[in-house]
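Engineer: Below: one structure in C-alpha cells.
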Amino acid sequence: MRTILAILLLFALAATSFAQPAPPAPPTPDDTAARLKALEEKILALESEVKTLKEAQALPAAPSTASSSSIDTAAATNAYPPPAEQVKGPTQGGVIGGAPQNAKLLNPDISMIGDFLATAGGNRFQPGPALEFHEAELGIQAVIDPYAKGDFFLSFGEEGVELEEGYITFTGLPRGFVARVGKMRSAFGVVNTLHNHTLPWIDRPLVTDSLVGGEDGINDAGFSISRILPAPKGLFLEATGQIFRGDSADVFQSHQRSDLSFVGRLRGYKDLTEDTNLDIGFSYARGHNDLGTNFLTQLFGSDVTLRWKPLRRAVYHSFLWRNEFVWSERQQLPAAQRAFGFYSAADYRVNRRWTVGGRFDRSARARNDNLTDSGFSAVVTYWPSEFSQVRTQYRFGRFAEGKDTSELKVQLLFSLGAHGAHPF
C-alpha cells in the first residue's frame, strides 16, 4: 500500500512541473531599441495632437445658428478662418497672425465726457441760458511708439466743434527733456491748464475771466519743452518754456508772423508729511494784444496748493486749499493798465460720495484797472460713481458797476470710455 502511495505522489509532482511555463528569455538589444523608437513616435504624436487642440480652442467659434445665405456669404468672403491643420505660417499667442489679441495695441483709447448745465437766478454781466449742454469732450489718446504719445481732445458744443487740444509728446529726448508740439493749453498757472470737467467748480474764477482769457484761456498752437531740474532731496523742480503763434482769446493777438507769444513756468513740489504736500508755481506770459504789433500784454502769476490725503486711514478723505494770483500789464492808449486779481478756494471730500467747498474771488479788469469785481461761491458735489458727478454751486457776485448777482447752478458730468489722467 505504501508503495502505491509513493508512486502516485511521484506522478503528481511530475505533472505539476510540466504544467508551469518556462521562464522568458532575456530581451536582446535589438528588441530594446525597437521599443524606445516606438515610444518616441507615440510621444511626438501626442505633442502634435495637443498643439492642434490648443490652436483649435484659440480660434473664434462660428455662430451656432445662421441662415443659408449668411453661411454662403461667409464662405465666399473667408469670414471664418480655416482649420488649424490647414494653416501654414507662424502663429502668435495661439491666434493666427495674433490679430484678436494685438488689435488693441493699434487702437487708441477713446472717451466722451458730457457736461450738462442748469442755471437759475440773474446775471446780466455773464448771462447764460437756463438749460445748456455745455460741452461734450471727445478724447483720443494713444502711445505712438516708445518715444512719443499723442493726445487729442475735441470739444462739441451748441455753437460748433473745435479742437480744444491736440499735441504729440516726445518723452525719449536726451538729457531728460520732454517736448510737446501741437495745439495746447499753456502752462500759465493752474486753472488755465485744466479742462472743464477737471475743475472743482462749475465756472472759472473771476481772475481767469478778467485777466487770462476765461474758459478758452491761453490756448494756442506752438511748441513746449520741459525738464526736471536738479534739486535737494525731497524737492521736485520742473521748468517749462513755451512758444505760441500768438492768438489766445482776448489776451494775445498776432498781427504778423513774428508776433509770437511766450510762456514760462517754474514749479516746485515737496512732500511735507506722508499725507500732506505743498505745490508752488511761478508763471510768466508775454504777447501782443489786439491794439497792434507795438502793444504788448504781460502776465505774472504765482500759485500755492496745499493737499492733504491720508491714504492709510481713509482713501476717500482729502482736503485741498489752492490760491492763485495774477498781475496783468497791458499796453494801451493813453496809458498802460496794471490789474491784479486772485482767488482762494478750499475743497474737502467728506466721504466716497460727497465733497464740499468754497471759493472767494477778486479781480480788476485788464482794460480798466479802476473796475474791480468780487464774488463768493459755495459748492457741493455728489459722486454716484467714479464716472459721474452731480455738482451744485451757489454764486454771489458784486461787480464794479454796483450791481449784485445771485445764481444757482447745477451740473451733471459723465464719462464714457477710457479717459487718461490729466497732469497732477
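Engineer: Quick check on region 240-294: of everything there that is within 22 Å of GLU164 (Cα to Cα) and of a type in the set (S, T, N, Q), which residue is surrounded by the fewest Cβ atoms within 10 Å (Cβ to Cβ)?
Structural biologist: SER254
Engineer: Output the number of residues of region 188-226 satisfying the condition of being in a loop (DSSP other than H, G, I, E, B) and closer than 22 Å to ALA364 by Cα.
Structural biologist: So the count comes out to 15.
Engineer: Where residues in region 334-348 are buried (at least 21 other Cβ atoms within 10 Å of the Cβ) and over 22 Å from PHE295 (Cα atoms), which of them is nearest to the chain's Cα centre (by Cα)?
Structural biologist: Ranking the candidates gives ALA345 first.
Engineer: Moving on to the next point. Could you check, for region 312-326, whether at least one of its residues is more than 32 Å from the chain's Cα centre (by Cα) and either at pLDDT 95 or above or more than 15 Å from THR276 (Cα to Cα) (or both)?
Structural biologist: The answer is no; no qualifying residue exists.
Engineer: Looking at PHE188, PHE223, PHE177, which is the one that is farther than 28 Å from ARG330 by Cα and aromatic (Phe, Trp, Tyr)?
Structural biologist: PHE177
Engineer: Could I ask something else about it? Answer yes or no: is there a residue in region 395-402 that is in contact (Cβ under 8 Å) with a residue 60 or more places away in the chain, among the small types (Gly, Ala, Ser) and either over 17 Å from LEU199 (Cβ atoms) or in contact with a Gly (Cβ under 6 Å, 6 or more places away or on another chain) (or both).
Structural biologist: yes
For (1) surrounded by 14 or more Cβ atoms within 10 Å (Cβ to Cβ); (2) at pLDDT 95 or above; (3) touching a Leu at 6+ places or on another chain (Cβ under 8 Å); (4) in a strand (DSSP E or B), each residue gets a yes or a no:
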residue: PRO100; (1), (2), (3), (4): yes, no, no, no
residue: LEU105; (1), (2), (3), (4): no, no, no, no
residue: PHE125; (1), (2), (3), (4): no, no, no, no
residue: GLY128; (1), (2), (3), (4): no, no, yes, no
residue: GLU135; (1), (2), (3), (4): yes, no, no, yes
residue: LEU138; (1), (2), (3), (4): yes, yes, yes, yes
residue: PHE153; (1), (2), (3), (4): yes, yes, yes, yes
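Engineer: Only one of (1) hydrophobic (A, V, I, L, M, F, W, C); (2) under 26 Å from THR119 (Cα atoms); (3) crowded, with 20+ Cβ neighbours inside 10 Å is not met by MET184, so which one is it?
Structural biologist: Exception for MET184: condition (2).
Engineer: Residues in region 132-154: is at least one within 30 Å of LEU237 (Cβ to Cβ) and of a type in the set (Lys, Arg)?
Structural biologist: yes
Engineer: May I ask you to list pairs of residues, at least six apart or on different chains, whose Cβ atoms are under 9 Å apart, with the first in region 311-323 being touching a residue at least 40 places away in the same chain (Cβ under 8 Å) and the second being among the hydrophobic types (A, V, I, L, M, F, W, C) and part of a loop (DSSP other than H, G, I, E, B)?
Structural biologist: ARG322/VAL190
Engineer: Here's something else I'd like to know. Look at ALA136 and say whether it is farther than 23 Å from PHE244 by Cα and in contact with a Phe, Trp or Tyr (Cβ under 6 Å, 6 or more places away or on another chain).
Structural biologist: Criteria met by ALA136.
Engineer: Right, something else. Take the residues in region 227-280 that are of a type in the set (Asp, Glu) and in a loop (DSSP other than H, G, I, E, B), then tell me which one is farthest from THR297 (Cα to Cα).
Structural biologist: It comes out as GLU274.
The values are calculated or read from the model by the stated rules, or taken from the named source; none is laboratory data. Here the structure is a predicted model, which means the values were calculated and not measured. Neighbour counts run over all protein chains shown; Cβ positions are idealised from the backbone, glycine included.
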